[in-house]
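Notes follow the structure.
Any read-out appearing in this document is the output of simple, stated calculations on the displayed coordinates, not a laboratory observation. Predicted model only: the values in this text are computed from it and were never measured. Neighbour counts run over all protein chains shown; Cβ positions are idealised from the backbone, glycine included.
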Amino acid sequence: MTDAQVSIFHRELKEFVYKRVKDKALADDIVHDVYLKARRNGNQLKDDNKLVAWLYQIARNSIIDHYRQASKTIEVSTIDWANDSSNYNECAANCLKALIPSLPEKYRVPFQLSDIDNLSQTTLAKQLGISYSGVKSRVQRARKMLKEKLNKMLIIKTDAYGNVIVCKDR
């Protein structure tokens with residue numbers, strides 16, 4: 001290709017990309033990436049007569065890659081945090097509150113006083129007249145029972161901070 005042909009091809013390739021992305025700076029970036037990919041993978045071109053078609057295919061794939069990547073990105077400024085109606089922590093808490101009465105009294109009372117009313121387990125042991133390890137054991141068993149019942153009712157997933165991000169019926 002002569003310099004004039006290269007210049008014409010470059011302009012046409014840029015127009016081709018611009019028609020699909022509607023942003024001149026982005027089109028320049030994609031065309032630049034096309035040349036880099038072509039340079040890096042030049043050994044894949046088997047027939048020099050198909051160079052132009054090969055470059056256009058790289059351009060198409062680069063445009064597709066751009067849109068794939070863009071669809072995975074969420075602009076934080078577009079999220080309406082104030083009106084976010086999905087409070088999944090509340091969903092799980094409401095279900096737990098509904099399940100607490102179904103526990104046997106032996107486990108429900110220590111759990112209620114410890115985890116809901118925030119009474120220390122040492123104080124609770126004195127109040128109930130049982131050992132500290134007995135209170136701990138009953139609270140842990142109550143938690144386990146609630147977790148099992150909750151898992152039978154709901155699909156719950158949490159993030160790394162323990163916040164519920166999915167709360168839906170099974």
Give me the net charge for the shell around Val109: Cβ to Cβ below 15 angstrom, other residues only, Lys and Arg +1, Asp and Glu -1. +4
Report the Cα-based extents of region 3-73 along its three principal axes, largest first, to the nearest Å. 37, 25, 15
Do any cysteines in the chain lack another Cys Cβ under 4.7 Å, and if so which? Cys95
Per residue of the chain, what 222 nm ellipticity follows from adding -39500 (n - 2.57) for every DSSP H run with n ≥ 4, rounded to the nearest 500? -20500 deg cm²/dmol
Using a basic spin-label model with each label point 7 Å from the Cα along Cα→Cβ, how many nm lie between Asn163 and Asn43? 4.8 nm
Assuming 0.36 nm per residue, please report the length gained on full extension of the stretch Val6 to Ile130 beyond their Cα-Cα distance. 35.8 nm
Could you give the nm distance between label points at Asn89 and Tyr35, where each point is 7 Å from its Cα heading toward the beta carbon? 5.2 nm
Among (1) 1, 7, 12, 12, 12, 12, 13, 11, 9, 6, 3, 1; (2) 1, 7, 11, 11, 9, 7, 5, 5, 5, 6, 6, 5, 6, 6, 5, 3, 2, 1, 0, 0; (3) 2, 9, 17, 19, 17, 11, 9, 6, 4, 3, 1, 1, 0, the value of P(r) over Cα pairs in 5 Å bins from 0, in percent computed for this structure carries the label (2)
